[in-house]
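Report on the structure given below.
The values are calculated or read from the model by the stated rules, or taken from the named source; none is laboratory data. Remember, predicted model here, so these are calculated numbers, not experimental data. So basically every Cβ, Gly included, is an ideal-geometry build from the backbone, and we count neighbours across all protein chains shown.
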Amino acid sequence: MINKYSTKMVVFILIYICIFLLKIPQYIINSANQKITIQAVCYTMLLIIGISLFKKTIQSNFHWIKLHKFKSLLILVAVYLADVLLSSLGYGVVEIFFSTLNITPDNFQNDTNILNTITLINPVIILAILAFIGPIVEEFFFKGILITKFSTKIPVGLAVLLSSSLFAATHIHNLYLTDFIQSIPYFLSGLVFGFSYYKTKNLILISLVHIFMNLISLLPFFLT
């Protein structure tokens, strides 16, 4: 008999894969408003399910942080700086690709989607979803599930590479060369967060950095 934990895990994985990896609503729903609403509802559902799934892990992580406040702060700063460094490198690589291929996209597709979303949904709700709920749900999926499970079956380096590739795939919105090229910074961020999680085993610390990075990248959209 399948227990409640396994059922929740399966539901979490299926929803995330169908909505955010395969992006099924994008192909079957025409209304942009409805697509965004579905994503917001699914993110909220996944947050609730994820907290239930990782309740003990979250409690243990909080306890460790309380006992190691200074070390936790150092980890946060180190992961943040590593992500800034590799992301900047990734954007540089993207520019080199575009220059070499003589491609001049108007904007990053992910940025365009955010701008479009803000015009359709209350900005406060969008900020809550993209800056807080989204990063937490992504860490549940990519670190709490994928890396944790895969690293018991395959070498951890390969598990992190796979997780990072799938994380980058969630930021590919169309099957165009430009979208694949623009996913490079997200892949590199996935590597930073993936290896950092493997070393720390702390979902909270990695989620906090992810939230901070998303906040920094989102604020310009709400201040203009």
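The table that follows gives values for the structure above.
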item	result
Matching entry among Val160, Val156 (being crowded, with 18+ Cβ neighbours inside 10 Å, touching a helix residue (DSSP H, G or I) at 6+ places or on another chain (Cβ under 9 Å) and of a type in the set (A, V, I, L, M))	Val160
Pairs where the first residue, in segment 187-214, is closer than 17 Å to Val156 by Cα and the second is modelled with pLDDT of 95 or more and not in a helix (DSSP H, G or I), C-beta under 9 Å, 6+ apart	Ser196/Asn202; Leu203/Phe54
Test set (1) free of Cβ contacts under 8 Å to residues at least 60 places away in the same chain; (2) surrounded by 15 or more Cβ atoms within 10 Å (Cβ to Cβ); (3) β-branched (Val, Ile, Thr); (4) within 19 Å of Ile121 (Cα to Cα) - Ile36 fails condition number	(1)
Helices (runs of 4 or more DSSP H) within segment 165-224 that include 2 or more residues over 21 Å from Ala78 (Cα atoms) and out of contact with any helix residue (DSSP H, G or I) (no Cβ under 9 Å at 6 or more places or on another chain)	203-223
Options Tyr80, Tyr91, Tyr43: the member that is surrounded by 19 or more Cβ atoms within 10 Å (Cβ to Cβ) and of a type in the set (Ser, Thr, Tyr)	Tyr43
Flag if Tyr80 is within 19 Å of Tyr198 (Cα to Cα), at pLDDT 95 or above and under 16 Å from the mean Cα position of the chain (by Cα)	yes
